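Peer 1: Below are the structure tokens for one structure; questions will follow.
The values are calculated or read from the model by the stated rules, or taken from the named source; none is laboratory data. Keep in mind it's a predicted model, so treat the numbers as computed, not measured. Cβ placement follows ideal geometry from the backbone for every residue including glycine, while neighbour counts extend to all protein chains displayed.
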Ligand code: SF4
């Protein structure tokens with residue numbers, strides 16, 4: 001069962017990334033309800049894109065650790081050509097982390113030992 005605060009955070013994230021498809025939104029909420037790590041990852045994504053506050057209970061300080069990265073800042077990331085700022089992208093080295101949720105959403109924080117930061121001012 002997803003608590004109301006996590007539901008609000010994830011809803012805010014989906015609004016921020018322009019995800020308006022009701023079926024996809026429901027699927028994401030169901031995944032969050034079924035798995036605490038997925039829930040935390042979605043809440044972290046909400047914080048990362050500015051849609052929610054970091055002090056919300058579902059976004060723990062551990063999620064702000066430097067070990068967490070976003071694909072949008074990685075030289076291996078290729079954005080979704082239709083919705084580069086918000087859509088599901090591609091990892092050109094197919095890193096193991098790219099197979100886990102919510103990796104490959106551009107701003108979703110996750111752990112990835114293969115992350116290579118973009119050069120200053122570079123675009124993915
Ligand atoms: S290497 Fe990791 S951080 Fe970089 S694009 Fe692939 S999954 Fe994302």
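Peer 1: Quick one: in the stretch 81-102, which of the residues that are touching a strand residue (DSSP E or B) at 6+ places or on another chain (Cβ under 8 Å) and closer than 20 Å to residue 50 by Cβ is surrounded by the fewest Cβ atoms within 10 Å (Cβ to Cβ)?
Peer 2: The extreme case among them is 102.
Peer 1: Between 15, 21, 37, which is within 14 Å of the chain's Cα centre (by Cα), surrounded by fewer than 18 Cβ atoms within 10 Å (Cβ to Cβ) and over 19 Å from residue 110 (Cα atoms)?
Peer 2: Being within 14 Å of the chain's Cα centre (by Cα), surrounded by fewer than 18 Cβ atoms within 10 Å (Cβ to Cβ) and over 19 Å from residue 110 (Cα atoms) holds for just one of 15, 21, 37, which is 15.
Peer 1: For the stretch 96-122, what are the residues that are more than 9 Å from the ligand (Cβ to nearest atom) and farther than 26 Å from residue 12 by Cβ?
Peer 2: 117, 118, 119, 120, 121, 122
Peer 1: Within the stretch 70-95, how many residues are near the ligand (Cβ under 9 Å from one of its atoms) and either within 12 Å of the chain's Cα centre (by Cα) or at pLDDT 90 or above (or both)?
Peer 2: Counting residues in the stretch 70-95 that are near the ligand (Cβ under 9 Å from one of its atoms) and either within 12 Å of the chain's Cα centre (by Cα) or at pLDDT 90 or above (or both) gives 15.
Peer 1: Residue under question is residue 106, and the condition is that it be surrounded by 16 or more Cβ atoms within 10 Å (Cβ to Cβ) and at pLDDT 85 or above; does it hold?
Peer 2: yes
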